[in-house]
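Step one of this worksheet: look at the structure below.
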Amino acid sequence: MYLAKTGKFVTLKNSGFTLLEVLVALVIVGTVLGASLRAVASLAQNSSGLRATMMANWSAENRLAQIRLGKEWPEIGERSFPCSQGELNLLCEEHVLSTPNPSFRRVEVLVFDANNIQRRLAKLTQVVPNAP
């Protein structure tokens, strides 16, 4: 470049980024943001699953505590009943089985997602004595 005031030719150095460099940087940033978005979504899904499992355990524990505190001698057999916790719709199945000792019964409480019966969230077992 020619400067009229000084009468000299001056070469200017390019100090910016080329278009190619900017595009490569954008691709890298986009890839990193996409991976972090997937990681956050995975954490949110795991959090939801842990919450459902925790509430299902509460439902099962509630039923077993009800049997224990009510001092009831459960009849052998199976029964199902809704056992929702908050906004989470759950379905409990209670299985009462005999044991080798006739003074005890084994009670299993299985908790399922009411919207997806195939998804078992919790299973708790307790042995109940026949208290006179």
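The values are calculated or read from the model by the stated rules, or taken from the named source; none is laboratory data. Note that the structure is predicted; figures quoted are calculated from it, not measured. Counting neighbours? That spans all protein chains shown, and the Cβs are built from the backbone with ideal geometry, glycine included.
Numbers at a glance
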quantity	calculated
Residue that is under 20 Å from N130 (Cα atoms) and surrounded by 10 or more Cβ atoms within 10 Å (Cβ to Cβ), where the choices are E72, E93	E72
Qualifying residue in the stretch 75-93 (condition: of a type in the set (S, T, N, Q), within 27 Å of the chain's Cα centre (by Cα) and over 18 Å from R51 (Cα atoms))	yes
Subset of the stretch 1-25 [at pLDDT 70 or above and outside any loop (DSSP other than H, G, I, E, B)]	K8, L19, L20, E21, V22, L23, V24, A25
Close pairs from the stretch 100-119: first at positive phi, partner charged (D, E, K, R) and assigned to a strand (DSSP E or B), Cβ under 9 Å, at least 6 apart	none
Residue that is touching a helix residue (DSSP H, G or I) at 6+ places or on another chain (Cβ under 7 Å), at pLDDT 90 or above and within 22 Å of V111 (Cβ to Cβ), where the choices are L90, L69, L64	L90
Qualifying residue in the stretch 30-40 (condition: farther than 30 Å from A131 by Cα, over 27 Å from the mean Cα position of the chain (by Cα), part of a helix (DSSP H, G or I) and not basic (K, R))	yes
Hits in the stretch 100-119 (condition: under 18 Å from L50 (Cβ atoms) and loosely packed, with under 15 Cβ neighbours inside 10 Å)	N115, N116, R119
